[in-house]
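Written below as structure tokens is the structure these notes are about.
The values are calculated or read from the model by the stated rules, or taken from the named source; none is laboratory data. Worth saying up front: this structure is predicted, and the values here are computed from it rather than measured. All Cβ positions, even for glycine, are placed from backbone atoms using ideal geometry, and neighbour counts span all protein chains on display.
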């Protein structure tokens with residue numbers, strides 16, 4: 001789906017979402033490894049690099065991490081290449097929207113429990 005349609009759907013979910021990337025500041029993502037210690041990808045101003053040496057492409061690994069959240073491992077069935085980037089965006093959009101709905105439900109139940117506690 002187009003970005004503006006995606007933003008509209010998030011807005012309609014009732015949950016406000018914003019990125020936490022700040023220009024000039026580093027953000028870290030821990031990437032698990034099947035054969036040893038996890039490694040960390042450092043993102044700064046849309047530049048990606050490994051904290052410790054790693055011969056894997058940090059962009060590819062970050063995409064895999066995002067599209068493989070949940071049980072279905074999309075990276076096992078789709079090569080990380082530019083022709084698939086739009087497909088990956090759609091996969092990630094669906095995951096964000098699903099979680100926005102879950103967050104809305106969790107918040108509603110949380111506040112309902114709070115109300116029930118105050119009426120005991």
*Which one of the conditions (1) in contact (Cβ under 8 Å) with a residue 12 or more places away in the chain; (2) in contact with a helix residue (DSSP H, G or I) (Cβ under 6 Å, 6 or more places away or on another chain) does residue 78 fail to meet, given that it meets all the rest?*
(1)
*Kindly provide the set of residues from region 71-94 that are farther than 24 Å from residue 10 by Cα and assigned to a helix (DSSP H, G or I), ordered by number.*
75, 76, 82, 83
*asked:* When the residues of region 14-47 are narrowed to those that are closer than 23 Å to residue 85 by Cα, in contact with a helix residue (DSSP H, G or I) (Cβ under 9 Å, 6 or more places away or on another chain) and part of a loop (DSSP other than H, G, I, E, B), which ends up modelled with the highest pLDDT?
replied: 32
*Of the numbered conditions (1) free of Cβ contacts under 8 Å to residues at least 12 places away in the same chain; (2) surrounded by 13 or more Cβ atoms within 10 Å (Cβ to Cβ); (3) within 28 Å of residue 15 (Cβ to Cβ), residue 97 satisfies every one except a single condition; which is it?*
(1)
*What is the residue count in region 82-120 for residues that are more than 19 Å from residue 1 (Cα to Cα) and within 20 Å of the chain's Cα centre (by Cα)?*
6
*asked:* I need a count of the residues in region 7-47 that are in contact (Cβ under 8 Å) with a residue 60 or more places away in the chain and under 18 Å from the mean Cα position of the chain (by Cα).
replied: 5
*Which residues, taken from region 48-70, are in a strand (DSSP E or B) and without any contact (Cβ under 8 Å) to a residue 12 or more places away in the chain?*
49, 50
